[in-house]
1. Within region A:34-54, work out how many residues are under 15 Å from the mean Cα position of the chain (by Cα), open to solvent by 20 Å² or more (accessible area, probe 1.4 Å) and among the hydroxyl-bearing types (Ser, Thr, Tyr).
2. When the residues of region A:135-172 are narrowed to those that are in contact with a Cys (Cβ under 8 Å, 6 or more places away or on another chain) and assigned to a loop (DSSP other than H, G, I, E, B), which ends up surrounded by the most Cβ atoms within 10 Å (Cβ to Cβ)?
3. Please verify whether B:Phe124 is part of a helix (DSSP H, G or I), under 16 Å from the mean Cα position of the chain (by Cα), at negative phi and aromatic (Phe, Trp, Tyr), treating the condition exactly as stated.
4. Within the group A:Ala112, A:Ala57, A:Ala85, which residue is more than 14 Å from every other protein chain (Cβ to nearest Cβ), touching a residue at least 12 places away in the same chain (Cβ under 8 Å) and surrounded by 17 or more Cβ atoms within 10 Å (Cβ to Cβ)?
5. For region B:15-38, which residues satisfy the criterion of being in a loop (DSSP other than H, G, I, E, B) and of a type outside the set (A, V, I, L, M)?
6. Among A:Ala32, A:Ala36, which is in a helix (DSSP H, G or I) and in contact (Cβ under 8 Å) with a residue 24 or more places away in the chain?
7. State all residues of region A:39-54 that are within 16 Å of A:Gly103 (Cα to Cα) and within 9 Å of another protein chain (Cβ to nearest Cβ); if no residue qualifies, say none.
8. Just give me the residues in region A:115-135 being free of Cβ contacts under 8 Å to residues at least 12 places away in the same chain, among the aliphatic types (A, V, I, L, M) and away from chain B (no Cβ under 14 Å), in sequence order.
Amino acid sequence: MTARSAPRGAGSSVKAAAFPLPPEPLDLVGVAARVAVGAVLAYSGLHKAAAPTAEFAAVIEGYYLLPDPYVILAAKVIPWCELLAGLALAAGYLTRAAAVGAGAMLASFIFALSSARFRGIPLENCGCFGEGIHLTAAQATALDLALLALTALAFSRGARAWSLDRWVQEGT
Amino acid sequence: MASLATKSSRSIAAAGGLLFIAVASVLGFRGVHTPPAPDAPAYRQKGPADAAAVIVAYSDFQCPACGHAVETLKHLESLHAGDMRVIFKHRPWERNHPNAVKAAVAAECAGRQGRFWEFHDKLFASQSDWGHAEDPLAKFSAFAKAQNLKLEEFETCRADPATLAVVRADMKEADRRFVNSTPTFFVNGVRMVGARQLGTLGLKEIEKAAAAAEPKQAPAAPAPKEASGTKR
């Protein structure tokens with residue numbers, strides 16, 4: 001009896017350590033950050049993935065960062081990465097991995113925008129949201145920096161409440 | 001073990017659910033696109049009727065990128081004059097380019113007097129003159145006069161709502177084909193956006209189509225071995 005109940009008790013304590021109940025206020029802020037970043041990424045990815053590849057390829061060409069053979073490939077892959085990472089973050093699935101992926105994408109967007117500004121490339125529209133929302137390079141950089149900060153919060157506290165990760169972990 | 005199995009199945013279910021949402025939302029957002037139709041008034045087409053490559057161009061006379069693409073298109077014509085046919089379609093962006101629809105209507109009227117392409121070139125070459133002019137119509141009349149068009153006929157055509165309807169019909173067609181930016185080209189149905197894609201991918205498509213059409217044009221005389229291995 002004791003031998004059987006001990007592992008169950010140990011399992012419960014591990015679970016409790018991973019997801020303390022009830023969530024602390026900062027956990028809720030983490031969830032809000034996770035959902036906000038996820039929603040923005042999913043929206044921008046959806047607009048670009050649904051649009052013809054040639055259109056986003058033309059946007060990428062405007063940054064003069066990638067050689068021609070990689071432009072179409074990037075135009076096909078990036079929107080789906082954004083959409084999937086965004087949905088995973090919003091739903092709290094593989095939250096930390098999704099946050100790392102989202103952070104890497106946001107950092108690369110900030111690099112591309114800053115590099116275009118530094119090289120004096122005029123960008124009327126950053127192309128971040130396809131034809132959905134038009135932002136200047138400065139607006140897009142500011143948005144990406146804010147999202148990057150929120151992604152850090154989502155990484156540290158995002159999975160502790162209302163997440164698929166939690167639902168998966170509680171699968172006993 | 002049971003707990004691990006449940007966790008795994010929940011994890012797979014979550015991943016599958018998210019993937020399903022992603023694919024369904026993209027397909028739903030994308031909708032159904034109709035392929036480009038190579039139909040337009042004869043004056044808006046140039047090149048041989050049986051050309052190997054048909055380029056349908058959706059363009060806006062007030063869009064600077066469309067102006068750059070004119071040079072690329074001319075370069076392609078200089079390389080493959082006999083292999084390509086160009087069909088122009090109007091896609092003016094009224095919100096950002098307030099004079100673009102008026103320019104499209106004026107080009108239509110020039111076309112009806114057989115001068116579409118000359119007027120097209122003039123509009124693109126002088127975008128800065130009329131693009132933000134308060135009275136672009138006076139500029140268009142001056143262009144028409146310089147090209148020896150019949151001015152009275154030109155003005156009557158420009159005031160005719162039926163001419164505007166032709167431009168609007170092209171705009172609707174562009175929307176149905178998901179043309180979200182200009183210039184958009186369909187080279188034998190393959191979509192390209194901007195001068196750079198036209199100059200690289202477009203050139204490849206034209207060369208491919210021309211190479212495929214070559215045997216049809218000279219079926220009677222089989223080429224000697226050396227010649228068949230020669231590439232242009």
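The values are calculated or read from the model by the stated rules, or taken from the named source; none is laboratory data. Because the structure is a prediction, the values reported are computed rather than measured. Neighbour counts are summed over all protein chains in view; Cβ atoms, including those assigned to glycine, are modelled from backbone coordinates with ideal geometry. When the accessible area is computed, the model is the full protein with side chains, heavy atoms only, and any ligands, DNA or RNA have been set aside. Shrake-Rupley method; radii C 1.70, N 1.55, O 1.52, S 1.80 Å.
1. So the count comes out to 1.
2. Residue satisfying both the conditions and the ranking: A:Leu135.
3. Yes; evaluated as a whole, the condition is true for this residue.
4. A:Ala112 is the lone residue from the list that is more than 14 Å from every other protein chain (Cβ to nearest Cβ), touching a residue at least 12 places away in the same chain (Cβ under 8 Å) and surrounded by 17 or more Cβ atoms within 10 Å (Cβ to Cβ).
5. Listed by number, the residues that qualify are B:Gly31, B:His33, B:Thr34, B:Pro35, B:Pro36, B:Pro38.
6. So the residue among A:Ala32, A:Ala36 that is in a helix (DSSP H, G or I) and in contact (Cβ under 8 Å) with a residue 24 or more places away in the chain is A:Ala36.
7. Matches in region A:39-54: A:Ala42, A:Gly45.
8. A:Leu135
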